[in-house]
Amino acid sequence: MSRAVLSVGQCQYDHGRISRELAAAFDVRVDGVDTASQALAAAASQRYDLILINRILDADGSSGLELLRQLRERSEGASAAVMLVSNYPDAHDSAVALGGVRGFGKADLGMNVVRECVEPYLSDNGK
């Protein structure tokens, strides 16, 4: 069963790295959007298993934590696991406090920690 991931606010290079890594490990489609408004629209129009949000959105410098908060307040983002992409542990603590799940950093790409973080939401044994 194919899973769907929404990747928000990554630069093209990092979006490609994340997409390739997830596709190599899971039966998954990764959609990418640049802004919070695009993410909210995408979450309203399609069901995602996982939403990955950059700590600071590349396109406009807006807060990924603020977007996470908005997704948790809206019914369209309620069913997906929402995870911050950040190298800063305190940012992950803030994301969890807002209702997200602990994520990974870009420095973790290519390491087992990424798979371990996303596997509960993307494997056939997941939700």
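A few remarks follow.
- If the condition is being buried (at least 21 other Cβ atoms within 10 Å of the Cβ) and among the hydroxyl-bearing types (S, T, Y), then the range 1-42 contributes only S7.
- Within the range 83-117, tally of residues that are more than 15 Å from R17 (Cα to Cα) and touching a residue at least 12 places away in the same chain (Cβ under 8 Å): 14
- Residue ID - modelled with the highest pLDDT, chosen from residues in the range 72-91 that are part of a helix (DSSP H, G or I) and small (G, A, S): A91
- Residues in the range 13-37 that are touching a residue at least 12 places away in the same chain (Cβ under 8 Å) and assigned to a helix (DSSP H, G or I): D14, H15, R17, I18, S19, E21, L22, A25, A36.
The values are calculated or read from the model by the stated rules, or taken from the named source; none is laboratory data. Because the structure is predicted, anything quoted here is derived from the model rather than measured. Cβ sites come from the backbone with ideal geometry, for glycine too, and all protein chains shown count toward neighbours.
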